[in-house]
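Enquirer: The structure follows.
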Amino acid sequence: DGRELPLFRMHIPAVPLERPYAASYLKDRIRLLVRELEAFTGKPFSQERFLKSVGLYSRRRRLCGELEKAAAEGRFNFADCAGIILAGSRMPVEDHIAALESSIQSAGGRDGGGERPGVMLSGILPPPMILLETLEHFGLRVAANDIAALKRSYAYQPAETGDPETYYEDFYRNHYPCTTILPSADRRVDTIRRMVRERDVKGFIFIGEKFCEYEYFEIPEMEKMLRKEGVQVLQLEMSMDDILNLDAYRTRIEAFSEMLCQGRQCKEA
């Protein structure tokens, strides 16, 4: 509608927060952001309101994990799971909590599909819904996800506190390993290995964004580890334009599914 909207920035240090100056720098940036928001809204910061918000988002993260677990066990469609989780960025957190609770309740009585080969998805942006539906059509079960916009965003639960400096330092210091948060990236191979073993993952599907370098630097080392674990790897490189023509991806996913199914009937009827 032509309105000018303010833009607030907060820089996250590209060095480990274990270094004292890095943690101090982050806290300074958080204090600055609070002051900027106070000036913009005309309201003073309230620890009580902040703590209430922290509690709501803690519940939201926990519910996202529960719904993801239901999908991993085959009790809920992963494409629907991803859609519901991502919808949280476009609605009040209270409404998102209600939607998550409803979905988890509906998954409670469903039969699992744990006999289907489990795969793990990795990448920055969420895959197109039609691609997720294709995975399940060809009999693959998303047993684990390492998508930055999904799992990586809600995997770690910071301690609840009314102090934003303490809260966000904890959040970034202990964040699920992500290539976009450089200090955490060194922990990624061990984290993926542990998840692969815990979820009995048979295949790893890397969905990379064209011209996005973050993920590609770790792929050689990651693939070497996965091969040692007996996990098959499929790399898909996508851009927004590719959503209009997914036939080539569909063919590769079908071939990958046939390899994992090893002659068993996995494809949906």
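The values are calculated or read from the model by the stated rules, or taken from the named source; none is laboratory data. What you see is a predicted model, and the numbers here were worked out from it, not measured in a lab. Cβ sites come from the backbone with ideal geometry, for glycine too, and all protein chains shown count toward neighbours.
Enquirer: When you go through Arg75, Arg90 one by one, which is the residue that is modelled with pLDDT under 95 and farther than 22 Å from Met120 by Cα?
Expert: The match here is Arg90.
Enquirer: If only one of Gly83, Gly74 is assigned to a loop (DSSP other than H, G, I, E, B) and not polar (S, T, N, Q), which one is it?
Expert: Sole residue among the options that is assigned to a loop (DSSP other than H, G, I, E, B) and not polar (S, T, N, Q): Gly74.
Enquirer: For the stretch 8-33, give me each residue that is of a type in the set (A, V, I, L, M), modelled with pLDDT of 90 or more and more than 19 Å from Pro158 (Cα to Cα).
Expert: Once the filter is applied, which keeps residues that are of a type in the set (A, V, I, L, M), modelled with pLDDT of 90 or more and more than 19 Å from Pro158 (Cα to Cα), the stretch 8-33 yields Leu32, Leu33.
Enquirer: Just checking, which of Ser89, Ser122 is closer than 22 Å to Phe206 by Cα and of a type in the set (S, T, N, Q)?
Expert: From the options Ser89, Ser122, the qualifying one is Ser122.
Enquirer: Report yes if Lys224 is among the basic types (Lys, Arg), farther than 30 Å from Arg75 by Cβ and modelled with pLDDT of 90 or more, otherwise no.
Expert: The answer is yes for Lys224.
Enquirer: Please verify whether Leu131 is touching a Pro at 6+ places or on another chain (Cβ under 8 Å), buried (at least 16 other Cβ atoms within 10 Å of the Cβ) and within 25 Å of Ile219 (Cβ to Cβ), treating the condition exactly as stated.
Expert: Answer is no for this residue.
Enquirer: Mind checking which residues of the stretch 45-71 are of a type in the set (Phe, Trp, Tyr) and in a loop (DSSP other than H, G, I, E, B)?
Expert: Phe45
Enquirer: Just to be sure I understand, how many residues within the stretch 189-229 are buried (at least 16 other Cβ atoms within 10 Å of the Cβ), of a type in the set (A, V, I, L, M, F, W, C) and closer than 20 Å to Arg252 by Cα?
Expert: Residues flagged as buried (at least 16 other Cβ atoms within 10 Å of the Cβ), of a type in the set (A, V, I, L, M, F, W, C) and closer than 20 Å to Arg252 by Cα within the stretch 189-229 amount to 6.
Enquirer: Of the residues Ala72, Ala82, which is closer than 18 Å to Lys151 by Cβ, in contact (Cβ under 8 Å) with a residue 24 or more places away in the chain and touching a Pro at 6+ places or on another chain (Cβ under 7 Å)?
Expert: So the residue among Ala72, Ala82 that is closer than 18 Å to Lys151 by Cβ, in contact (Cβ under 8 Å) with a residue 24 or more places away in the chain and touching a Pro at 6+ places or on another chain (Cβ under 7 Å) is Ala82.
Enquirer: Within the stretch 149-166, can you find the residues that are within 22 Å of Pro13 (Cα to Cα), in contact with a Ser or Thr (Cβ under 7 Å, 6 or more places away or on another chain) and either buried (at least 20 other Cβ atoms within 10 Å of the Cβ) or acidic (Asp, Glu) (or both)?
Expert: The answer is none; no residue qualifies.
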